[in-house]
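So the structure is just underneath, and the comments pick up after that.
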Amino acid sequence: MKEKDGIRQLFIPKRRALESGFVRRAGLEISAHLEKITQLMGSGMFMAFHPSEGEPDITGFLEEQIKKGKELCFPRFNGTVGGYEMVPVTDFGKDFRIGKFGIREPQDGIPAVPPEKMKDVPWRVPGVAFDRRGGRLGHGKG
């Protein structure tokens with residue numbers, strides 16, 4: 001665990017220090033790439049995240065998918081169970097609030113998606129760092 005915390009302490013400040021123009025361009029390039037992923041675009045539902053500080057902003061892509069009728073679900077911390085649940089969002093302007101860890105997440109009152117409905121659904125998840133084989137290191141709170 002200490003090794004993971006050390007990696008986080010190294011990479012999170014580097015991400016936050018990225019030039020805003022670079023982060024914006026990265027979000028646009030990632031969005032263009034996502035449009036080409038057949039499994040994602042062929043699915044009626046997928047799981048996503050609202051970018052936090054320094055993460056590429058793909059919200060334009062996500063909003064467009066909602067307009068196309070796709071069901072997008074985002075993580076929301078549930079204090080009762082001490083973990084995250086996935087919640088559908090239909091309006092980026094109204095359906096989010098700042099959550100427990102300072103990350104935008106769905107408002108309370110929107111029912112979570114039952115776990116059985118999430119089988120074989122594509123997920124888009126952020127990461128603090130990735131290794132050369134695609135292994136992901138997250139923020140350590142999920």
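The values are calculated or read from the model by the stated rules, or taken from the named source; none is laboratory data. From a predicted model like this one, the values you see are computed outputs, not experimental measurements. Don't worry about glycine lacking a Cβ; one is built from the backbone with ideal geometry, like all the others, and counts go over all protein chains shown. All accessible areas refer to the heavy atoms of the entire protein, side chains included, with ligands and DNA or RNA removed. Shrake-Rupley method; radii C 1.70, N 1.55, O 1.52, S 1.80 Å.
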At 0.36 nm per residue, and after removing the present C-alpha to C-alpha distance, how many nm does the segment from His33 to Leu137 gain when stretched out fully? 35.3 nm
Total formal charge among the other residues, if their Cβ is under 15 angstrom from that of Glu35, Lys/Arg +1 and Asp/Glu -1: +2
Beta bridges by DSSP in the chain, antiparallel share as percent, to the nearest 5: 75 percent
Candidates Thr59, Thr38, Thr80: whichever shows maximal mean-square fluctuation once the chain is modelled as a Gaussian network with Cα springs under 10 Å: Thr80
With an 8 Å cut-off on Cα pairs and a minimum separation of 6 or more residues, tell me the relative contact order of the stretch 1-114 in percent. 20 percent
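Roll a 1.4 angstrom probe over the protein heavy atoms and tell me the percent of accessible area of the stretch 79-142 that is carbon or sulfur. Write down the numbers at each step before the final one.
Working: 2190 of 4330 Å².
Within the stretch 79-142, the accessible surface is 51 percent carbon and sulfur.
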Among [x] 18.7, 54; [y] 15.4, 43; [z] 13.6, 40, the entry derived from the coordinates for Rg and Dmax of the Cα atoms in Å: [y]
Looking at the stretch 49-142, which trypsin sites (Lys or Arg not before Pro) are DSSP coil and have at most 14 other C-beta atoms within 10 Å of their C-beta? Lys68, Lys94, Lys100, Lys119, Arg132, Arg133, Lys141
Please compute the net charge surrounding His50, taking Lys and Arg as +1 and Asp and Glu as -1 over other residues with Cβ under 14 Å from its Cβ. -1
Averaged per residue, the 1.4 Å probe accessible area of the stretch 1-83, protein heavy atoms only, in Å², is roughly 61 Å²
